Amino acid sequence: MLPSIRDRHAFVPCCVLLVACAAPSAAPHAPAQGLAEPAALDEAALPAPPAASSRRVGPIEAECLQLPSELGRVQSPELDEISGIVESAHNPSIFFVHNDSGDSPRIFAIDARGRLLATVTLPGVPLVFDAEAIARGPGPNSGSFIYLADVGNNLARSGRGLPRGDAVLYRFPEPEVAPDMRGEELTASEVHAITLAFPDQPHDVEATLVDPLSGDALLITKEDTGTSLVLRAPAAALASGRVLLEAVAKLQFGTAPLSGSRHVTAADISRDGTRILLRTYSSVFLFERRAGETVAAALERAPRQLPAPSERQGEAVAFFGDGAFVTISEGSQAPILCTKISE
């Protein structure tokens, strides 16, 4: 979200920190000084990716073209500021989305045409300060979990007011949603709040993903300089409810190979953990992950730049099936744009 949209963030209902936001500088993809070098792991260090999916390409996914093409438009008037999207693990062509700051604690399930299937309320969550991303990944038990990332922090970039000191992930089992639902009201179960403490100073974050192989959560900071930190929350620490993030890499947006906008606004990782998408306001990048490698190490190699949609304020990206991705912009009746990933 752009700094000018929500000036009400000057009021923070919880503990805050006043800091001087000094932006680091580094060459593109250089490991941050003083940060752990994200070296490649032995192949046995991470679970092996599952075999390539044999799932057929669904009829809607088959409509995706080499250039961004419209599948449908978001139909619910309540979804006017979508800032994150992720595909369901259980139902192809069903996506979970959420609004930007100012919304109540809830997410939405929509289909690939933009029809509202269900609204999912998060019980016991009094306030979502600035939700900027949503991810899917493993949790403490088997099955798929949703992670709603309340990680936005515009004041950390603007230098005005008091930025929030921490960020929060809300983790809960993926709700059961059927394609024939129409506006169902559902309630999330077992919502677990995880507070994320920054290692140096408050940061604005809009790109978040959860590694399906390790279970680690990764956040990529949004910086006006384009110099973004990759922050890691280890899977083993997520159960504690409070995690000190570890800076594991640094990326430089706005110059080659991450050309275009300096602001990273969304991320996603494929079901098998072998591909990673990052998007900015102007570009979409695809990173290939090698066997036994961390996400941070994969992000430090030059990516492939994919065809980027022309959107008013694009802050959402997600893999769609086995060979495409979708994007949505903020705004009422926003189009759902799909792009086939060429091999």
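The values are calculated or read from the model by the stated rules, or taken from the named source; none is laboratory data. Nothing here was measured: the structure is a model prediction, and the numbers come from that model. Cβ sites come from the backbone with ideal geometry, for glycine too, and all protein chains shown count toward neighbours.
Points to keep in mind about this one:
- When segment 269-301 is filtered for residues that are among the hydrophobic types (A, V, I, L, M, F, W, C) and outside any strand (DSSP E or B), the ones remaining, listed by number, are ALA291, VAL295, ALA296, ALA297, ALA298, LEU299.
- Residue match in segment 227-238 (condition: within 23 Å of PHE325 (Cβ to Cβ), in a loop (DSSP other than H, G, I, E, B) and in contact (Cβ under 8 Å) with a residue 60 or more places away in the chain): no
- Flag if ALA89 is outside any loop (DSSP other than H, G, I, E, B) and not acidic (Asp, Glu): no
- Selection status of ARG290, of a type in the set (Lys, Arg), in contact with a strand residue (DSSP E or B) (Cβ under 6 Å, 6 or more places away or on another chain) and at pLDDT 95 or above: no
One line per residue, one yes/no per condition, for (1) free of Cβ contacts under 8 Å to residues at least 60 places away in the same chain; (2) of a type in the set (S, T, N, Q); (3) touching a Pro at 6+ places or on another chain (Cβ under 6 Å):
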position	(1), (2), (3)
LEU169	no, no, no
PHE172	yes, no, no
PRO179	no, no, no
GLY183	no, no, no
LEU186	no, no, yes
LEU196	yes, no, no
PRO199	yes, no, no
VAL205	no, no, no
THR208	no, yes, no
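- Pairs are defined by a Cβ separation below 9 Å, a sequence spacing of at least 6 or placement on different chains, a first member in segment 64-77 that is modelled with pLDDT of 95 or more and of a type in the set (Val, Ile, Thr), and a second member that is surrounded by 20 or more Cβ atoms within 10 Å (Cβ to Cβ) and assigned to a loop (DSSP other than H, G, I, E, B); the pairs so defined are VAL74/GLY114; VAL74/ALA334.
- Selection count, segment 250-268, where residues are buried (at least 18 other Cβ atoms within 10 Å of the Cβ) and either among the basic types (Lys, Arg) or outside any loop (DSSP other than H, G, I, E, B) (or both): 10
- Across segment 210-223, not a single residue is classified as of a type in the set (Ser, Thr, Tyr), assigned to a strand (DSSP E or B) and over 18 Å from ILE134 (Cβ atoms).
- Yes/no for GLY161 being more than 25 Å from ASN91 (Cβ to Cβ) and surrounded by fewer than 22 Cβ atoms within 10 Å (Cβ to Cβ): yes
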